[in-house]
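Inspection log for the structure reproduced underneath, given as structure tokens.
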Amino acid sequence: MTPPVRLRTEIPGRGARCGSALALVLRYARPSCRAAPAPSPIGAGASFFAGALLLIGLLAGAAQAAVEEPAGYRQDEYRAPVPATLAGAVVVTPAEAHALWSAGEAAFIDVMPRAPKPANLPEGTLWHEKPRLSIPGAVWLPNVGYGGLANVMDAWFRAGLSAASGGDPAHPLVFFCLPECWMSWNAAKRAMSYGYSRVYWMPEGSTGWGDAGYPLEPVEPEPGGQ
């Protein structure tokens, strides 16, 4: 009696036997009997890195979305994530603000606070403030974005807005400061409480404006502020 024929099949690079002729048939009936290749360390690392970036982006977006408008004014931690909205105002991007600026119909109100003079300077030391680069033509009314204003500062802010708007409460006003700056949010909200009806808020501030390629120039604060 003729013995059964056994075929030997080799998997390239491994030399492993799949078995008899039946195994050979089964081999072609299935996709493969070879072991799946091990994942590339480089590919696995790239996938992990991409996943981590995606997770960070989702968390950052969730944090931004979680910032809600307070009922009143922000009272502390003025450099922090801000809401995406301001009830009663129009939120604009640097490009949209630039369109208003180019049209020449809106007054731009810079509310960047002034740096306080250090209290421990030696006698006779000259104090030079860091120059403020702002949107050309903007009116700089510093320190009006705090949660509470003294009566003298409130009156000065009202007078500054009246001068910038020509006394017209319907004149467009664009408020800005720096990114993640509650000062501009507070100031825009306060302007609406004064009766101004066309208030715009640019959350990206002068930094976002400059990053978009729009011009900046040194500006001096309006006199009379504190």
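Before moving on, here are some points about what is shown:
- Residue within the range 104-125 that is modelled with pLDDT of 95 or more and surrounded by fewer than 16 Cβ atoms within 10 Å (Cβ to Cβ) present: yes
- Pairing residues of the range 138-156 that are at positive phi with residues that are among the aliphatic types (A, V, I, L, M) and surrounded by fewer than 19 Cβ atoms within 10 Å (Cβ to Cβ), at Cβ distances under 9 Å and at least 6 apart in sequence or on separate chains, gives Asn143/Met153.
- Matching option when the condition is touching a strand residue (DSSP E or B) at 6+ places or on another chain (Cβ under 7 Å), under 20 Å from Thr85 (Cβ atoms) and of a type in the set (Phe, Trp, Tyr), among Trp201, Trp140, Trp101, Trp182: Trp201
Here is a yes/no grid of residues against (1) modelled with pLDDT of 95 or more; (2) in contact with a His (Cβ under 8 Å, 6 or more places away or on another chain); (3) of a type in the set (Val, Ile, Thr):
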| residue | (1), (2), (3) |
| --- | --- |
| Phe175 | yes, no, no |
| Leu178 | yes, no, no |
| Lys189 | yes, no, no |
| Ser193 | yes, no, no |
| Tyr214 | yes, yes, no |
| Glu217 | yes, no, no |
| Glu222 | no, no, no |
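- Filtered residue count, the range 149-167, keeping only those that are surrounded by 14 or more Cβ atoms within 10 Å (Cβ to Cβ) and either part of a loop (DSSP other than H, G, I, E, B) or among the aliphatic types (A, V, I, L, M) (or both): 4
The values are calculated or read from the model by the stated rules, or taken from the named source; none is laboratory data. As the structure is a prediction and not an experimental result, all values here were calculated from the model. No Cβ is skipped: glycine too gets one built from the backbone with ideal geometry, and neighbour counts run over all protein chains shown.
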